[in-house]
C-alpha cells in the first residue's frame, strides 16, 4: 500500500485526493496546509490526518510519497524537502518558478534515489494523446506546423492571487505552459520563440501569442489567455498539419470533464474526413496511476518526466523574456 500525503489543500489537491481514493494499492496518509483552517476542513472532508507542520510530515515513516499541490513559489522548498526526507514526489506543473530551482529539485530527487514526476496533465488527455500517436505512427506525415490555444476567465478564488504576483506566479504563462510542453512532446525541442501580449495591472501577463520555431524545422503558434470576459467558456484548441494529413481537436465547456462542445477530426490525403470518437477518461486519475506505477518499478515516468518539465519551463521563461523585450529568444538548455 502506497501512502500519499498532500502538501496544499486547495482545488488541485482535492482533484488528486479523489484520484487516490479511486486507485487500488494506495491511500491518503494526510494533508499539510499552512492555513490550519483550510487544512482542517480538507482533512475532515477526506477523512485523513492533518499534519501540523512539514517537519511532522517529513518525519512520518508511514508516508511513502507526497503530492505537491502548493503554489508555484513554494514548489522548490517542498520538493527538495520531500526528497531529503526520502519521499517519492509528484509535483504539480510548472515544476518551478526558475530554471535554477528546477535544476536543484531534479538533482535533489536523483541524489535521494526517489521517484519524481511533474503533473503535465495534457499528456494524459485522450485527444492530445491520440494526435501524438498519429504523429508518431506517421499518419500525418512530416509535421510542418501546429496551432494550440487555451482560454480561460480568471477565477475569483483567492488561490489565484499569488498567480498574478511577479516573483510568485507566472500569470497566464502558468496555463500557457500546458501547450508549450505538449508542442515540444509533439515537435521536439524548441529553438527560438517570439511573443506578444498584454499584462494584468500587477505586471504579470494576461494574454500571450507565441511563435515557436523547432529544431526539426516545424513551426507553431500558441495562444493563451486569462483575459476573456465572464461567460466565455474554457476553451482548448489544437491543430496539427503534416505532409500527409492534419488533425484538429476543439473543446469548449466549464471544464475538461463536462464539455459543451468537443470534436476530434482527422484529415488524410485520399481519405474522407473522419470524426473520431474517444472514450472519456479522467486524465488526473491516469497521471496518478502512472505515478504509482513508477513507485512500484522504481523508475521515473515517460510522461511527466522532470527533464521534460524543465524544458517546458525553459520555453515558458523564454516566452516571458520575449514578451518583455520584443526580441527572439532561445530557451536556456539544461547544464
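Residue 102 - would you say it is buried (at least 24 other Cβ atoms within 10 Å of the Cβ), closer than 23 Å to residue 177 by Cβ and touching a helix residue (DSSP H, G or I) at 6+ places or on another chain (Cβ under 7 Å)?
Against the criterion (buried (at least 24 other Cβ atoms within 10 Å of the Cβ), closer than 23 Å to residue 177 by Cβ and touching a helix residue (DSSP H, G or I) at 6+ places or on another chain (Cβ under 7 Å)), residue 102 qualifies.
Quick check on my filter: what residues within region 105-137 are closer than 26 Å to residue 238 by Cβ and out of contact with any helix residue (DSSP H, G or I) (no Cβ under 8 Å at 6 or more places or on another chain)?
Within region 105-137, 127, 130, 133, 134, 136, 137 qualify.
Residues to consider are 226, 249, 214; find the one that is surrounded by 19 or more Cβ atoms within 10 Å (Cβ to Cβ) and within 15 Å of residue 144 (Cβ to Cβ).
Of 226, 249, 214, the one residue that is surrounded by 19 or more Cβ atoms within 10 Å (Cβ to Cβ) and within 15 Å of residue 144 (Cβ to Cβ) is 214.
Name the pairs whose Cβ atoms lie under 6 Å apart, with the first residue in region 1-24 and assigned by TED's automatic domain parsing to the domain that holds residue 55 and outside any loop (DSSP other than H, G, I, E, B), the second buried (at least 22 other Cβ atoms within 10 Å of the Cβ) and at pLDDT below 95, and 6 or more positions between them or separate chains?
So the pair list comes out empty.
Regarding residue 264, is this residue buried (at least 20 other Cβ atoms within 10 Å of the Cβ) and within 24 Å of residue 146 (Cβ to Cβ)?
Answer is yes for this residue.
Checking residue 175 against (1) under 30 Å from residue 138 (Cα atoms); (2) free of Cβ contacts under 8 Å to residues at least 40 places away in the same chain: exactly one of these is not met. Which one?
With (1) under 30 Å from residue 138 (Cα atoms); (2) free of Cβ contacts under 8 Å to residues at least 40 places away in the same chain applied to residue 175, the lone miss is (2).
Only one of (1) in contact with a strand residue (DSSP E or B) (Cβ under 9 Å, 6 or more places away or on another chain); (2) surrounded by fewer than 23 Cβ atoms within 10 Å (Cβ to Cβ); (3) touching a residue at least 12 places away in the same chain (Cβ under 8 Å); (4) not in a loop (DSSP other than H, G, I, E, B) fails for residue 319. Which number is that?
Condition (2) is where residue 319 drops out.
Just to be sure, is residue 31 part of a strand (DSSP E or B), over 16 Å from the mean Cα position of the chain (by Cα) and over 24 Å from residue 180 (Cβ atoms)?
yes
Just need a number here: residues in region 178-194 that are assigned to a strand (DSSP E or B) and either within 18 Å of the chain's Cα centre (by Cα) or surrounded by fewer than 20 Cβ atoms within 10 Å (Cβ to Cβ) (or both).
4
When you look at residue 40, is it surrounded by fewer than 23 Cβ atoms within 10 Å (Cβ to Cβ) and closer than 28 Å to residue 164 by Cα, yes or no?
In short, yes.
Just give me the residues in region 297-313 being touching a strand residue (DSSP E or B) at 6+ places or on another chain (Cβ under 8 Å) and without any contact (Cβ under 8 Å) to a residue 40 or more places away in the chain, in sequence order.
none
Between a first residue in region 270-293 that is under 14 Å from residue 127 (Cα atoms) and a second residue that is assigned to a loop (DSSP other than H, G, I, E, B), which pairs have beta carbons less than 6 Å apart while being 6 or more apart in sequence or on different chains?
Between residues of region 270-293 that are under 14 Å from residue 127 (Cα atoms) and residues that are assigned to a loop (DSSP other than H, G, I, E, B), the close pairs are 283/125.
The values are calculated or read from the model by the stated rules, or taken from the named source; none is laboratory data. These numbers come from a predicted model, not from an experiment. So basically every Cβ, Gly included, is an ideal-geometry build from the backbone, and we count neighbours across all protein chains shown.
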